[in-house]
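Single-structure report; data block below.
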Amino acid sequence: MKKNQVHVSLYGSLARYQGGKHVAITEVELPEGACKADLLAHLGIRNEERGYLFINAVLCDVPGLVTGEGQVLKEGDHIGIFSVDRIWPYQYGDGVRMSEELTEALKIHGAMHHSYEHLPKDKAI
């Protein structure tokens, strides 16, 4: 079976999953066709632990608002995952590219928030 290698950067408390204290950078080999959910399962990271998730500098998830779990990862993709205890990355202060899935979810939920833990049932994803 063909494999794809992706580059993963873990920030904050998530760095411990790859032996880091504040930041951990690693290469992960996944079966071809593996998706974002497969990577997170491989790393052992639970949804409630992670905050912002970027794929190739495109924001895909924010704290408590997970989208596109089935998004297929490709050879050479770079995934950056921030723990929920990390703030908005400074380099994105003036705007950020977002995935189509996150853009659609934010149309339902309104402006971006620090947490989506208490979503009204009529606005569930």
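Quick notes on this structure:
- Applied to the range 67-73, the Karplus parametrisation 6.51 cos²θ - 1.76 cosθ + 1.60 on θ = phi - 60° returns per-residue 3J(HN,Hα) values of 10, x, 4, x, 4, 6, 8 Hz, with x for Gly and Pro.
- Per-pair calculated FRET efficiency, R0 = 41 Å: Glu49 and Lys74 via Cβ, rounded to 0.05: 0.95
- Sequence-distant residues sharing a close amide H with Leu73 (under 5 Å, placed H): Ala34, Cys35, Lys36
- Under 14 Å from the Cα of Lys21 - aspartates and glutamates, other chains or at least 8 residues apart: Asp85
- Chain lengthening between Val58 and Glu104 when straightened (0.36 nm per residue, less Cα-Cα): 15.1 nm
Any read-out appearing in this document is the output of simple, stated calculations on the displayed coordinates, not a laboratory observation. Since this is a predicted model, take the numbers as computed values, not measurements. No Cβ is skipped: glycine too gets one built from the backbone with ideal geometry, and neighbour counts run over all protein chains shown.
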